[in-house]
Number of protein chains: 2
Amino acid sequence: MRVLGVDPGLTRCGLGVVDGMPGRPLSLVAVDVVRTSAQDELGGRLLAIEAAIEQWLDRFAPDTVAVERVFSQHNVRTVMGTAQASGVATLVAARRGIPVVTHTPSEVKAAVSGSGRADKAQVAAMVTRLLRLDVRPSPADASDALALAICQVWRGSAQRRLQAAAAAAGRERR
Amino acid sequence: MRVLGVDPGLTRCGLGVVDGMPGRPLSLVAVDVVRTSAQDELGGRLLAIEAAIEQWLDRFAPDTVAVERVFSQHNVRTVMGTAQASGVATLVAARRGIPVVTHTPSEVKAAVSGSGRADKAQVAAMVTRLLRLDVRPSPADASDALALAICQVWRGSAQRRLQAAAAAAGRERR
(Lines give C-alpha, C1' and ligand atoms only; values in the text may rest on other atoms or scores of the structure.)
Protein backbone atom coordinates (compact mmCIF):
# COMPACT_ATOMS: atom_id res chain seq x y z
CA MET A 1 0.00 0.00 0.00
CA ARG A 2 1.37 3.39 -1.02
CA VAL A 3 0.27 6.61 0.68
CA LEU A 4 1.00 10.24 -0.17
CA GLY A 5 0.89 12.33 3.00
CA VAL A 6 0.24 16.05 2.60
CA ASP A 7 1.00 18.53 5.37
CA PRO A 8 -0.85 21.45 3.78
CA GLY A 9 0.42 25.02 3.82
CA LEU A 10 0.91 27.91 1.42
CA THR A 11 4.45 28.86 2.40
CA ARG A 12 5.57 25.28 2.93
CA CYS A 13 3.51 22.27 1.87
CA GLY A 14 5.05 18.97 2.98
CA LEU A 15 4.74 15.95 0.68
CA GLY A 16 5.82 12.45 1.68
CA VAL A 17 5.25 9.05 0.05
CA VAL A 18 5.52 5.86 2.09
CA ASP A 19 5.08 2.19 1.09
CA GLY A 20 4.03 -0.31 3.71
CA MET A 21 1.56 -2.53 5.44
CA PRO A 22 1.00 -3.20 9.12
CA GLY A 23 3.53 -5.56 10.70
CA ARG A 24 6.03 -5.06 7.88
CA PRO A 25 8.88 -2.55 7.67
CA LEU A 26 7.85 0.74 6.12
CA SER A 27 9.81 2.32 3.31
CA LEU A 28 10.37 5.88 2.21
CA VAL A 29 9.59 6.52 -1.47
CA ALA A 30 9.94 10.30 -1.64
CA VAL A 31 9.77 13.41 0.50
CA ASP A 32 9.90 17.10 -0.31
CA VAL A 33 8.49 20.48 0.61
CA VAL A 34 6.77 22.72 -1.94
CA ARG A 35 7.44 26.37 -1.17
CA THR A 36 5.57 29.40 -2.47
CA SER A 37 6.37 33.02 -1.72
CA ALA A 38 4.14 35.17 0.48
CA GLN A 39 4.96 37.95 -2.03
CA ASP A 40 3.01 36.12 -4.75
CA GLU A 41 -0.73 36.31 -5.31
CA LEU A 42 -2.87 33.61 -3.71
CA GLY A 43 -4.03 32.27 -7.09
CA GLY A 44 -0.46 31.72 -8.29
CA ARG A 45 0.49 30.04 -5.02
CA LEU A 46 -2.47 27.64 -5.22
CA LEU A 47 -1.61 26.88 -8.86
CA ALA A 48 1.98 26.01 -7.87
CA ILE A 49 0.72 23.65 -5.15
CA GLU A 50 -1.77 22.08 -7.58
CA ALA A 51 1.01 21.52 -10.16
CA ALA A 52 3.33 19.93 -7.58
CA ILE A 53 0.67 17.53 -6.30
CA GLU A 54 -0.38 16.60 -9.86
CA GLN A 55 3.27 15.79 -10.57
CA TRP A 56 3.60 13.64 -7.44
CA LEU A 57 0.42 11.72 -8.28
CA ASP A 58 1.83 11.11 -11.79
CA ARG A 59 5.24 9.99 -10.54
CA PHE A 60 4.31 7.94 -7.49
CA ALA A 61 0.70 6.80 -8.14
CA PRO A 62 -0.33 6.48 -4.47
CA ASP A 63 -3.34 4.32 -3.50
CA THR A 64 -4.50 6.91 -0.99
CA VAL A 65 -3.82 10.55 -0.18
CA ALA A 66 -3.76 11.47 3.52
CA VAL A 67 -4.20 15.17 4.32
CA GLU A 68 -3.81 16.73 7.74
CA ARG A 69 -7.16 17.88 9.08
CA VAL A 70 -7.00 21.61 9.63
CA PHE A 71 -8.11 23.24 12.86
CA SER A 72 -8.59 26.93 13.35
CA GLN A 73 -7.00 27.12 16.77
CA HIS A 74 -3.91 28.69 15.23
CA ASN A 75 -3.20 32.06 13.64
CA VAL A 76 -6.14 33.13 11.44
CA ARG A 77 -4.14 34.03 8.33
CA THR A 78 -2.16 30.80 8.48
CA VAL A 79 -5.25 28.66 8.96
CA MET A 80 -7.00 30.11 5.93
CA GLY A 81 -4.00 29.38 3.73
CA THR A 82 -3.66 25.91 5.20
CA ALA A 83 -7.34 25.17 4.55
CA GLN A 84 -6.99 26.42 0.97
CA ALA A 85 -3.88 24.31 0.33
CA SER A 86 -5.62 21.25 1.81
CA GLY A 87 -8.63 21.97 -0.42
CA VAL A 88 -6.40 21.99 -3.49
CA ALA A 89 -4.76 18.68 -2.48
CA THR A 90 -8.19 17.13 -1.92
CA LEU A 91 -9.50 18.47 -5.23
CA VAL A 92 -6.56 17.18 -7.27
CA ALA A 93 -6.81 13.68 -5.75
CA ALA A 94 -10.62 13.58 -6.13
CA ARG A 95 -10.27 14.54 -9.81
CA ARG A 96 -8.34 11.26 -10.30
CA GLY A 97 -10.64 9.19 -8.10
CA ILE A 98 -7.92 8.61 -5.48
CA PRO A 99 -9.40 8.25 -1.98
CA VAL A 100 -8.58 11.15 0.35
CA VAL A 101 -8.50 10.61 4.09
CA THR A 102 -7.81 13.11 6.85
CA HIS A 103 -6.15 12.63 10.22
CA THR A 104 -5.88 15.15 13.02
CA PRO A 105 -2.41 16.15 14.24
CA SER A 106 -2.99 14.25 17.50
CA GLU A 107 -4.04 11.07 15.66
CA VAL A 108 -0.82 11.28 13.65
CA LYS A 109 1.34 11.89 16.73
CA ALA A 110 -0.35 9.03 18.58
CA ALA A 111 0.13 6.69 15.62
CA VAL A 112 3.87 7.23 15.24
CA SER A 113 4.94 7.97 18.83
CA GLY A 114 2.26 6.48 21.09
CA SER A 115 1.32 9.92 22.43
CA GLY A 116 -1.11 12.44 20.94
CA ARG A 117 0.87 15.18 22.65
CA ALA A 118 4.30 14.34 21.23
CA ASP A 119 6.33 17.34 20.08
CA LYS A 120 7.77 17.94 16.58
CA ALA A 121 11.19 16.53 17.54
CA GLN A 122 9.66 13.32 18.88
CA VAL A 123 7.59 12.85 15.71
CA ALA A 124 10.67 13.50 13.54
CA ALA A 125 12.71 11.02 15.61
CA MET A 126 10.07 8.30 15.22
CA VAL A 127 9.65 8.95 11.49
CA THR A 128 13.43 8.60 11.11
CA ARG A 129 13.43 5.33 13.06
CA LEU A 130 10.33 3.82 11.42
CA LEU A 131 11.63 4.55 7.92
CA ARG A 132 15.19 3.56 8.89
CA LEU A 133 16.66 6.83 7.63
CA ASP A 134 20.20 8.04 8.27
CA VAL A 135 19.13 11.63 8.86
CA ARG A 136 15.96 13.25 10.14
CA PRO A 137 13.77 14.64 7.39
CA SER A 138 13.62 18.41 7.65
CA PRO A 139 11.92 20.86 7.78
CA ALA A 140 9.12 19.73 10.13
CA ASP A 141 6.63 19.89 7.22
CA ALA A 142 8.52 17.08 5.46
CA SER A 143 8.62 14.93 8.57
CA ASP A 144 4.93 15.67 9.32
CA ALA A 145 3.90 14.62 5.80
CA LEU A 146 5.72 11.30 6.27
CA ALA A 147 4.13 10.82 9.71
CA LEU A 148 0.70 11.34 8.10
CA ALA A 149 1.44 8.74 5.45
CA ILE A 150 2.64 6.25 8.12
CA CYS A 151 -0.48 6.94 10.20
CA GLN A 152 -2.65 6.13 7.18
CA VAL A 153 -0.72 2.94 6.33
CA TRP A 154 -1.49 1.68 9.84
CA ARG A 155 -4.90 3.16 10.56
CA GLY A 156 -6.22 2.60 7.05
CA SER A 157 -5.42 -1.11 7.33
CA ALA A 158 -7.07 -1.31 10.74
CA GLN A 159 -10.14 0.42 9.33
CA ARG A 160 -10.29 -2.00 6.41
CA ARG A 161 -10.00 -5.00 8.79
CA LEU A 162 -12.78 -3.59 10.99
CA GLN A 163 -14.98 -3.03 7.95
CA ALA A 164 -14.25 -6.55 6.70
CA ALA A 165 -14.98 -8.03 10.16
CA ALA A 166 -18.23 -6.07 10.39
CA ALA A 167 -19.23 -7.25 6.92
CA ALA A 168 -18.40 -10.89 7.81
CA ALA A 169 -20.39 -10.62 11.08
CA GLY A 170 -23.28 -9.19 9.07
CA ARG A 171 -23.16 -12.18 6.72
CA GLU A 172 -23.12 -14.66 9.65
CA ARG A 173 -26.12 -13.00 11.27
CA ARG A 174 -28.12 -13.26 8.07
CA MET B 1 -16.67 45.91 -16.79
CA ARG B 2 -18.04 42.49 -15.88
CA VAL B 3 -17.46 40.97 -12.45
CA LEU B 4 -18.23 37.50 -11.11
CA GLY B 5 -18.86 37.69 -7.37
CA VAL B 6 -18.33 34.49 -5.38
CA ASP B 7 -19.73 34.07 -1.88
CA PRO B 8 -17.79 30.90 -1.07
CA GLY B 9 -19.26 27.96 0.82
CA LEU B 10 -19.44 24.19 0.53
CA THR B 11 -23.16 23.76 1.20
CA ARG B 12 -24.16 26.90 -0.70
CA CYS B 13 -21.75 28.84 -2.92
CA GLY B 14 -23.30 32.05 -4.27
CA LEU B 15 -22.38 33.16 -7.79
CA GLY B 16 -23.44 36.49 -9.26
CA VAL B 17 -22.37 38.31 -12.43
CA VAL B 18 -22.83 42.07 -12.75
CA ASP B 19 -22.02 44.45 -15.60
CA GLY B 20 -21.32 48.08 -14.82
CA MET B 21 -19.10 51.03 -14.31
CA PRO B 22 -19.18 53.78 -11.69
CA GLY B 23 -21.83 56.42 -12.30
CA ARG B 24 -23.79 54.23 -14.71
CA PRO B 25 -26.69 51.90 -13.92
CA LEU B 26 -25.59 48.39 -13.03
CA SER B 27 -27.07 45.35 -14.66
CA LEU B 28 -27.61 41.79 -13.54
CA VAL B 29 -26.20 39.18 -15.91
CA ALA B 30 -26.74 36.00 -13.91
CA VAL B 31 -27.14 34.77 -10.36
CA ASP B 32 -27.33 31.30 -8.85
CA VAL B 33 -26.30 29.22 -5.88
CA VAL B 34 -24.27 26.03 -6.25
CA ARG B 35 -25.28 23.49 -3.62
CA THR B 36 -23.39 20.41 -2.50
CA SER B 37 -24.52 17.89 0.07
CA ALA B 38 -22.87 17.57 3.48
CA GLN B 39 -23.37 13.81 2.99
CA ASP B 40 -20.87 13.82 0.13
CA GLU B 41 -17.10 13.57 0.47
CA LEU B 42 -15.13 16.81 0.53
CA GLY B 43 -13.30 15.98 -2.71
CA GLY B 44 -16.56 15.51 -4.62
CA ARG B 45 -17.98 18.74 -3.21
CA LEU B 46 -14.90 20.72 -4.24
CA LEU B 47 -15.02 19.14 -7.71
CA ALA B 48 -18.67 20.22 -8.10
CA ILE B 49 -17.79 23.79 -7.11
CA GLU B 50 -14.82 23.77 -9.48
CA ALA B 51 -17.01 22.55 -12.36
CA ALA B 52 -19.68 25.19 -11.69
CA ILE B 53 -17.18 28.04 -11.60
CA GLU B 54 -15.42 26.77 -14.74
CA GLN B 55 -18.81 26.76 -16.46
CA TRP B 56 -19.61 30.32 -15.33
CA LEU B 57 -16.22 31.58 -16.52
CA ASP B 58 -16.89 29.92 -19.90
CA ARG B 59 -20.41 31.33 -20.23
CA PHE B 60 -19.95 34.83 -18.83
CA ALA B 61 -16.25 35.61 -19.36
CA PRO B 62 -15.90 38.08 -16.47
CA ASP B 63 -13.02 40.59 -16.42
CA THR B 64 -12.49 40.06 -12.69
CA VAL B 65 -13.52 37.55 -10.04
CA ALA B 66 -14.33 38.99 -6.61
CA VAL B 67 -14.26 36.50 -3.72
CA GLU B 68 -15.38 37.23 -0.18
CA ARG B 69 -12.42 37.32 2.18
CA VAL B 70 -12.87 34.60 4.77
CA PHE B 71 -12.49 35.26 8.48
CA SER B 72 -12.26 32.59 11.12
CA GLN B 73 -14.43 34.29 13.70
CA HIS B 74 -17.31 31.93 12.82
CA ASN B 75 -17.88 28.24 13.39
CA VAL B 76 -14.66 26.26 12.79
CA ARG B 77 -16.11 23.59 10.49
CA THR B 78 -17.90 26.18 8.36
CA VAL B 79 -14.83 28.40 8.06
CA MET B 80 -12.64 25.55 6.84
CA GLY B 81 -15.16 24.67 4.13
CA THR B 82 -15.56 28.32 3.19
CA ALA B 83 -11.79 28.76 2.93
CA GLN B 84 -11.53 25.63 0.76
CA ALA B 85 -14.34 26.76 -1.56
CA SER B 86 -12.73 30.21 -1.86
CA GLY B 87 -9.41 28.51 -2.63
CA VAL B 88 -11.02 26.55 -5.47
CA ALA B 89 -12.62 29.71 -6.91
CA THR B 90 -9.26 31.51 -6.73
CA LEU B 91 -7.44 28.56 -8.32
CA VAL B 92 -9.88 28.23 -11.23
CA ALA B 93 -9.72 31.96 -12.02
CA ALA B 94 -5.90 32.05 -11.69
CA ARG B 95 -5.62 29.11 -14.08
CA ARG B 96 -7.22 31.34 -16.76
CA GLY B 97 -5.26 34.43 -15.81
CA ILE B 98 -8.39 36.26 -14.60
CA PRO B 99 -7.58 38.72 -11.78
CA VAL B 100 -8.98 37.68 -8.39
CA VAL B 101 -9.74 40.32 -5.77
CA THR B 102 -11.08 39.88 -2.26
CA HIS B 103 -13.30 42.14 -0.20
CA THR B 104 -14.25 41.73 3.43
CA PRO B 105 -17.94 41.40 4.34
CA SER B 106 -17.88 44.88 5.90
CA GLU B 107 -16.32 46.44 2.77
CA VAL B 108 -19.11 44.89 0.71
CA LYS B 109 -21.84 46.06 3.09
CA ALA B 110 -20.38 49.57 3.19
CA ALA B 111 -20.15 49.68 -0.61
CA VAL B 112 -23.78 48.77 -1.27
CA SER B 113 -25.55 50.21 1.79
CA GLY B 114 -23.25 52.91 3.18
CA SER B 115 -22.78 50.98 6.43
CA GLY B 116 -20.26 48.24 7.19
CA ARG B 117 -22.68 46.89 9.77
CA ALA B 118 -25.74 46.52 7.53
CA ASP B 119 -27.68 43.28 8.02
CA LYS B 120 -28.45 40.65 5.35
CA ALA B 121 -31.91 42.13 4.65
CA GLN B 122 -30.49 45.61 4.10
CA VAL B 123 -27.83 44.26 1.72
CA ALA B 124 -30.48 42.27 -0.20
CA ALA B 125 -32.73 45.35 -0.41
CA MET B 126 -29.92 47.50 -1.81
CA VAL B 127 -28.83 44.81 -4.30
CA THR B 128 -32.45 44.62 -5.50
CA ARG B 129 -32.62 48.41 -5.88
CA LEU B 130 -29.19 48.87 -7.49
CA LEU B 131 -29.83 46.13 -10.06
CA ARG B 132 -33.49 47.28 -10.54
CA LEU B 133 -34.84 43.79 -9.89
CA ASP B 134 -38.52 42.95 -9.31
CA VAL B 135 -37.78 40.46 -6.54
CA ARG B 136 -35.00 40.13 -4.02
CA PRO B 137 -32.41 37.53 -4.93
CA SER B 138 -32.54 34.66 -2.48
CA PRO B 139 -31.03 32.87 -0.62
CA ALA B 140 -28.68 35.34 1.08
CA ASP B 141 -25.68 33.67 -0.66
CA ALA B 142 -27.04 34.79 -4.04
CA SER B 143 -27.59 38.35 -2.89
CA ASP B 144 -24.17 38.42 -1.18
CA ALA B 145 -22.46 37.27 -4.38
CA LEU B 146 -24.13 40.12 -6.30
CA ALA B 147 -23.19 42.62 -3.57
CA LEU B 148 -19.56 41.48 -3.90
CA ALA B 149 -19.64 41.98 -7.66
CA ILE B 150 -21.17 45.47 -7.24
CA CYS B 151 -18.54 46.34 -4.61
CA GLN B 152 -15.81 45.36 -7.07
CA VAL B 153 -17.35 47.32 -9.97
CA TRP B 154 -17.19 50.44 -7.79
CA ARG B 155 -14.08 49.89 -5.71
CA GLY B 156 -12.08 48.37 -8.55
CA SER B 157 -12.68 51.46 -10.65
CA ALA B 158 -11.72 53.73 -7.75
CA GLN B 159 -8.54 51.71 -7.25
CA ARG B 160 -7.67 51.98 -10.94
CA ARG B 161 -8.23 55.76 -10.86
CA LEU B 162 -6.04 56.07 -7.77
CA GLN B 163 -3.32 53.99 -9.41
CA ALA B 164 -3.56 56.09 -12.58
CA ALA B 165 -3.44 59.32 -10.54
CA ALA B 166 -0.43 58.05 -8.58
CA ALA B 167 1.31 57.07 -11.81
CA ALA B 168 0.56 60.49 -13.35
CA ALA B 169 1.83 62.27 -10.19
CA GLY B 170 4.95 60.11 -10.36
CA ARG B 171 5.52 61.17 -13.96
CA GLU B 172 5.10 64.88 -13.04
CA ARG B 173 7.56 64.60 -10.17
CA ARG B 174 10.19 63.05 -12.41
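The values are calculated or read from the model by the stated rules, or taken from the named source; none is laboratory data. Source: prediction; values computed, not measured. FYI the Cβ positions are ideal-geometry reconstructions off the backbone, even for glycines, and counts take in every protein chain you see. For the accessible areas, the whole protein counts, side chains as well, though only heavy atoms, and no ligand, DNA or RNA atoms are used. Shrake-Rupley method; radii C 1.70, N 1.55, O 1.52, S 1.80 Å.
What the table shows:
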quantity: Qualifying residue in the stretch B:77-98 (condition: more than 30 Å from A:Arg69 (Cβ to Cβ), of a type outside the set (Gly, Ala, Ser) and modelled with pLDDT of 95 or more); calculated: yes
quantity: Residue match in the stretch A:35-42 (condition: at pLDDT 95 or above and within 15 Å of the chain's Cα centre (by Cα)); calculated: no
quantity: Hey, B:Ser115 free of Cβ contacts under 8 Å to residues at least 60 places away in the same chain and among the polar types (S, T, N, Q) or not; calculated: yes
quantity: Where A:Ala94 falls short, out of the listed (1) within 7 Å of chain B (Cβ to nearest Cβ); (2) free of Cβ contacts under 8 Å to residues at least 24 places away in the same chain; (3) more than 15 Å from B:Gly43 (Cα to Cα); calculated: (3)
quantity: Test: residue in the stretch B:102-109 that is within 13 Å of another protein chain (Cβ to nearest Cβ) and not charged (D, E, K, R); calculated: yes
quantity: Tabulated pairs, the stretch B:146-174, first small (Gly, Ala, Ser), second in a helix (DSSP H, G or I) and modelled with pLDDT of 70 or more, C-beta under 8 angstrom, 6+ apart or interchain; calculated: B:Ala147/B:Val108; B:Ala147/B:Lys109; B:Ala147/B:Ala111; B:Ala147/B:Val112; B:Ala147/B:Val123; B:Ala147/B:Met126; B:Ala147/B:Val127
quantity: Which numbered condition B:Ala85 fails, given (1) open to solvent by 20 Å² or more (accessible area, probe 1.4 Å); (2) in contact with a Gly (Cβ under 8 Å, 6 or more places away or on another chain); (3) within 14 Å of chain A (Cβ to nearest Cβ); calculated: (1)
quantity: Output for the stretch B:56-69, where each listed residue is farther than 16 Å from B:Gly14 by Cβ and crowded, with 17+ Cβ neighbours inside 10 Å; calculated: B:Thr64
quantity: Subset of the stretch A:41-55 that is touching a strand residue (DSSP E or B) at 6+ places or on another chain (Cβ under 8 Å) and open to solvent by 20 Å² or more (accessible area, probe 1.4 Å) - its residue that is nearest to the other protein chains (Cβ to nearest Cβ); calculated: A:Leu42
